[in-house]
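Following: one structure in structure tokens, then a few remarks.
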Amino acid sequence: MPPADTAPATSNISVRRGEPLVIVDHVDKHFGDLHVLNDINTVVNRGEVVVVIGPSGSGKSTLCRAINRLETIDSGTITIDGEKLPEEGAGLAKLRADVGMVFQSFNLFAHKTVLENVTLAPIRVKRMSRKDAEAKAMELLERVGVANQAKKMPAQLSGGQQQRVAIARSLAMNPKLILMDEPTSALDPEMINEVLDVMVGLAEQGMTMIVVTHEMGFARKAADRVLFMADGRIVEEATPAQFFDHPESDRAKDFLSKIL
Ligand code: ADP
Ligand code: MG
């Protein structure tokens with residue numbers, strides 16, 4: 001299926017899909033003495049879904065945050081759609097519009113309705129009219145299955161519904177890339193699948209996604225590649241089938257034996 005955000009039908013999707021969208025090149029970061037990102041190199045192509053897994057503390061969240069410039073890096077470069085990550089100012093606002101982020105803890109605005117949560121950034125940042133922003137928001141809420149909750153406050157929704165609103169909110173900016181950091185880890189088990197289903201749908205529609213998750217079912221179904229991180233390094237990079245069925249490193253074998 002063609003990427004939802006790449007118009008016109010005549011464009012050569014197969015070529016566009018192959019283009020590098022995110023290039024992480026020799027990235028290093030320390031927190032004091034801790035080498036949290038140690039020579040990270042990877043390329044995420046347009047339309048690809050990359051799952052990042054690894055033990056707690058291995059640097060997965062820091063890598064996501066660096067790609068969204070929520071964290072600075074010490075050296076190396078991160079390029080998104082041909083542009084080096086900006087240091088500050090207007091470039092940073094544009095980056096935040098281009099790169100959606102979904103966190104473990106939903107992070108919805110508690111004092112705004114579901115609908116307002118989704119329309120806020122398009123109105124403020126993209127200068128969309130309220131009418132257009134609301135129409136688009138309702139479409140997105142429909143797509144993630146919570147349109148009937150639009151008038152409610154976030155606290156009135158279940159965790160799974162809130163996380164689906166958070167996904168709709170990030171889609172409302174037409175991002176080039178969505179980063180998700182353990183989007184189902186805070187959910188009760190019975191709500192995990194409703195969020196994973198939405199994520200699989202996005203993947204099938206060609207959204208470029210970097211997803212930190214230990215949900216192996218999602219990785220097998222939706223991921224083009226798995227990055228396994230340990231101690232700030234990418235230790236393995238493989239297809240889900242290769243990685244789960246034939247992990248190469250002792251670190252990965254050990255990790256998988258604990259979670260599978
Ligand atoms: P993961 O997401 O893989 O669990 P993180 O990227 O959150 O790992 O963290 C990697 C390491 O960096 C951990 O040891 C963590 O304690 C440390 N760390 C994360 N953020 C900070 C920070 N702001 N200051 C100091 N240390 C941090
Ligand atoms: Mg983390």
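Along region 243-259 the Karplus relation, 6.51 cos²θ - 1.76 cosθ + 1.60 evaluated at θ = phi - 60°, assigns HN-Hα couplings of 5, 6, 8, 9, x, 9, 8, 4, 4, 5, 4, 5, 4, 5, 5, 8, 9 Hz to successive residues, with x for each Gly and Pro. GNM on the chain, alpha-carbon springs under 10 angstrom: the most fluctuating residue among ASP250, ASP33, ASP81 is ASP33. Couplings 3J(HN,Hα) of region 134-151, computed from phi: 5, 5, 5, 4, 5, 4, 5, 5, 4, 4, 9, x, 10, 4, 6, 9, 4, 8 Hz, in residue order, whole Hz [Karplus 6.51 cos²θ - 1.76 cosθ + 1.60, θ = phi - 60°; x for Gly and Pro]. Close amide-amide hydrogen proximity is noted between LEU21 and VAL44, ASN45, ARG46, each under 5 Å apart and 5 or more residues distant or on a separate chain (H modeled in the peptide plane; Pro and chain starts excluded). Rounded, prolate or oblate: which fits region 49-119, taking a ≥ b ≥ c as square roots of the Cα gyration tensor eigenvalues, rounded meaning a/c under 1.5, else prolate when a/b beats b/c? Oblate.
Close amide H pairs (under 5 Å, H built 1.01 Å from N) link GLN104 with ASP181, residues at least 5 positions away or on another chain.
What separates the Cα centres of region 223-249 and region 133-174 is a distance of 33 Å.
Nearest 500 deg cm²/dmol is fine: what mean residue ellipticity at 222 nm does the chain get from its DSSP H runs of n ≥ 4 alone, each adding -39,500 (n - 2.57), divided by its residue count?
Working: 10 runs with 100 residues, N = 260.
Taking each H run of at least 4 residues, the total per residue is -11500 deg cm²/dmol.
Subtracting the Cα-Cα distance from 0.36 nm times the residue separation, let me have the gained length for GLU71 to HIS30 in nm, one decimal.
Values: separation 41, 0.36 × 41 = 14.76 nm, distance 1.10 nm.
My answer for the length gained is 13.7 nm.
Modelled spin-label separation between LYS131 and GLN104, with each label point placed 7 Å from Cα along the Cα-to-Cβ direction: 4.4 nm.
Using 7 Å Cα-to-Cβ label points, what is the ALA186/GLU139 separation (nm, one decimal)? Roughly 2.9 nm, to one decimal. Taking a point 7 Å from the Cα of LEU120 along the Cα-to-Cβ direction, the residues of region 138-174 with backbone N closer than 17 Å to it are 138, 141, 150-157, 162-174. Among beta bridges from DSSP that stay inside region 164-251, the antiparallel ones total about 55%. Near the amide H of MET229, within less than 5 Å, lie the amide hydrogens of ILE53, GLY54, VAL235, all on another chain or at least 5 residues away, with H placed in the peptide plane. Take every DSSP beta bridge whose two residues both sit in the chain; close to 55 percent of them are antiparallel.
FYI, it's all coordinate maths here, none of it is from the lab. Predicted model only: the values in this text are computed from it and were never measured. Ideal geometry is used to build each Cβ from the backbone, glycine not excepted, and the neighbour counts take in all protein chains shown.
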